[in-house]
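Okay, structure first, notes after.
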Amino acid sequence: MVHVIVVLFILVTQVSAYRPCPKCGKIKVPYPLSTDENCGDPRYRIYCNNGALEFMSAPGFYYKILSINPKANKLIIKPPLIQENTCYSSDLDQGGLMLDENLPFNISTRNTVMLFNCSDNILLSPLNCSSSSFCREFEEVGEGCGCKGTLCCHFLKDSSMTSHRIRARLGGCTAYTCVVDKQPDEPLESWNFGIELQWLPPF
């Protein structure tokens, strides 16, 4: 009898673990993403806060999830705000975006990152910090105006770079934003602002 109960418990646990989570606001939460211990896979934890779906970084900063593509195992989060009249990203105190390397998420290679208010040390890097950098266009509008005239650069987040971090810090670059799948000569009004993350499928 005890053996039967144990088997049933294991089966029920497995069934609940493979159950997709309910919608959060208007966004579906596909398996293996999990907003609750009773659905999805807990290693793929995201959060439903007041009807908004969010991703939490390793230091505990929440980023709004804009979209999810379950077929590609990818989701897009909203870049941090650049605070008004400053050139500081809202996640500056956390060092920028940092993913837990023990979890199955990483930053995809389709992200063009723009860094602002950088120290001169960045000129020693291979990043594009010229007057033709995409970051100069962003400085002319909206929240980018607070960074106008600062040293800024852009780069494509490729496979040779860490796939778990976009750094922001005092003494380095204090602000950043990101565009997914940026095309050459694409006008700013068509930019897809976001940070694309991808996840490894469950074993």
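Among the residues examined, Phe134 qualifies as modelled with pLDDT under 95 and buried (at least 18 other Cβ atoms within 10 Å of the Cβ). Every listed requirement among (1) modelled with pLDDT of 95 or more; (2) assigned to a loop (DSSP other than H, G, I, E, B) is met by Arg19 save one, (1). Inside region 112-136, residues that are closer than 13 Å to Gly149 by Cα and assigned to a strand (DSSP E or B) make up a count of 4. State yes or no: is Asn73 crowded, with 16+ Cβ neighbours inside 10 Å and at positive phi? Judged against the criteria, Asn73 is a match. If we scan region 177-188, do we find a residue that is at positive phi, surrounded by fewer than 20 Cβ atoms within 10 Å (Cβ to Cβ), assigned to a helix (DSSP H, G or I) and without any contact (Cβ under 8 Å) to a residue 40 or more places away in the chain? No: region 177-188 contains no residue that is at positive phi, surrounded by fewer than 20 Cβ atoms within 10 Å (Cβ to Cβ), assigned to a helix (DSSP H, G or I) and without any contact (Cβ under 8 Å) to a residue 40 or more places away in the chain.
For region 83-126, name all the residues that are among the β-branched types (Val, Ile, Thr) and either under 24 Å from Asp181 (Cβ atoms) or under 20 Å from the mean Cα position of the chain (by Cα) (or both). Residues satisfying the conditions are Ile107, Thr109, Thr112, Val113. Of the residues examined, Ile68 is one that is within 30 Å of Tyr31 (Cβ to Cβ), outside any loop (DSSP other than H, G, I, E, B) and of a type in the set (Val, Ile, Thr). Looking across region 112-123, just one residue is open to solvent by 20 Å² or more (accessible area, probe 1.4 Å) and more than 14 Å from Gly171 (Cβ to Cβ), and that is Leu123. On inspection, Ile10 fails the criterion of being modelled with pLDDT of 95 or more and hydrophobic (A, V, I, L, M, F, W, C).
Any residue at all in region 142-155 that's modelled with pLDDT under 95, under 12 Å from the mean Cα position of the chain (by Cα) and open to solvent by 30 Å² or more (accessible area, probe 1.4 Å)? There is no residue in region 142-155 that is modelled with pLDDT under 95, under 12 Å from the mean Cα position of the chain (by Cα) and open to solvent by 30 Å² or more (accessible area, probe 1.4 Å). Taken over region 141-163, residues that are of a type in the set (Ser, Thr, Tyr) and closer than 14 Å to Cys118 by Cβ amount to 1. Tally the residues that are in a loop (DSSP other than H, G, I, E, B) and aliphatic (A, V, I, L, M), restricting the search to region 142-176. The number of residues fulfilling the criteria is 4. A search for C-beta distances below 7 Å between a residue of region 78-89 that is under 14 Å from Cys118 (Cα atoms) and any residue that is hydrophobic (A, V, I, L, M, F, W, C) and part of a loop (DSSP other than H, G, I, E, B), counting only pairs 6+ apart in sequence or on different chains, returns Ser89/Ala168. Against the test of being in contact (Cβ under 8 Å) with a residue 24 or more places away in the chain, among the aliphatic types (A, V, I, L, M) and assigned to a loop (DSSP other than H, G, I, E, B), the options Leu97, Leu103 yield a single qualifying residue, Leu103.
The values are calculated or read from the model by the stated rules, or taken from the named source; none is laboratory data. Keep in mind it's a predicted model, so treat the numbers as computed, not measured. Positions of Cβ are generated from backbone atoms using ideal geometry, with glycine treated the same way; all protein chains shown enter the neighbour counts. Remember, those area values only see protein heavy atoms, side chains included, never the ligands or the DNA or RNA. Shrake-Rupley method; radii C 1.70, N 1.55, O 1.52, S 1.80 Å.
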